[in-house]
Amino acid sequence: MSRTVSEVAALTGVTVRTLHHYDEIGLVSPEERTEAGYRLYGDQDLARLHDALFWRSLGFPLEEVRALLDDPDRDALEAMAAHRERLLAELGEVGARLAALDAAIARASAGRPWTDDDLTALFDGFDPAVYEAEVEERWGDTEAYAESRRRTSRYGRAEWEAVKREQEEVTVRLAELCAGGVAAEAPEARSAAEAHRAHIERWFYDCTPEIHLGLGEMYVADPRFTAFYDDRVPGLAAWVRDAIRALHTERPRRL
């Protein structure tokens, strides 16, 4: 049985425009055409479309979906595991970047509003406004984003100075341990990693083990954050990531 593109759109909930795009990029290209050149979808085409929609529902990029469908020998479980790691890393980015965004948009409940210049000076030249659009697009509808916005909207000069002071204490401790040759799996390294997590949770949002692990991965994956740590001590970003991993393999994860 063959179906037109409009019938397939009604059947699957996918727009006609999306089906045309899938055809153009070779993701789902119906083999049949009418004499007038209109697309006709057979049973195999529909089966491939349903498979594509499944992978897309998990957040896989279109290119990876096509690769999975075109290679029947590809290990689907391995692909899902790798994609899960990517999602964890992306989730972790919300921590540092939400803090940066909140610094840019925070307004004290009393006193003059803080400007971007004020906060850039406080955080040693790091301009949080650079990340504003990216954070809004990627995490604007998350609970962590809402909670961080709610808390920091009440912060004034004293609170932001406390955030900065505590952040520096946490970072200095991590750097000292790394520079001193302490293994990332050592108890004191795990303790420092817990202090890092607690700092985020105290000032911004509930930093679950999953988010914390994602932050650690982001420190290595994103050159901007790698530089923040490695400018202190070469290799510190990877050491912090490993200390965070060690922390959360030593105890059950808190959901």
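The values are calculated or read from the model by the stated rules, or taken from the named source; none is laboratory data. Since we're looking at a predicted model, the values are computed, not measured. Because the Cβ atoms are built from the backbone with ideal geometry, glycine has one as well, and the counts that use them run over all protein chains shown. Just so you know, the surface numbers come from the protein's heavy atoms only, side chains and all, with ligands and any DNA or RNA stripped out. Shrake-Rupley method; radii C 1.70, N 1.55, O 1.52, S 1.80 Å.
General remarks:
- Accessible surface of M1 - all protein chains present, 1.4 Å probe, nearest 10 Å²: 150
- Accessible area in square angstrom per residue, segment 169-236, 1.4 angstrom probe: 42
- Å² per residue, accessible surface of segment 24-64 at 1.4 Å: 62
- Measuring with a 1.4 angstrom probe and ignoring ligands and nucleic acids, W239 comes out at about 30 Å² accessible.
- Extending 7 Å from the Cα toward the beta-carbon at both E35 and A146 defines two label points whose distance is 5.8 nm.
- Estimated from the Cβ-Cβ distance and a Förster radius of 35 angstrom, the FRET efficiency linking E63 and A198 is about 0.35.
- Burial ranking of peptide ranges 160-172, 28-40, 199-211 (average Cβ count within 10 Å, highest at the top): 199-211, 160-172, 28-40
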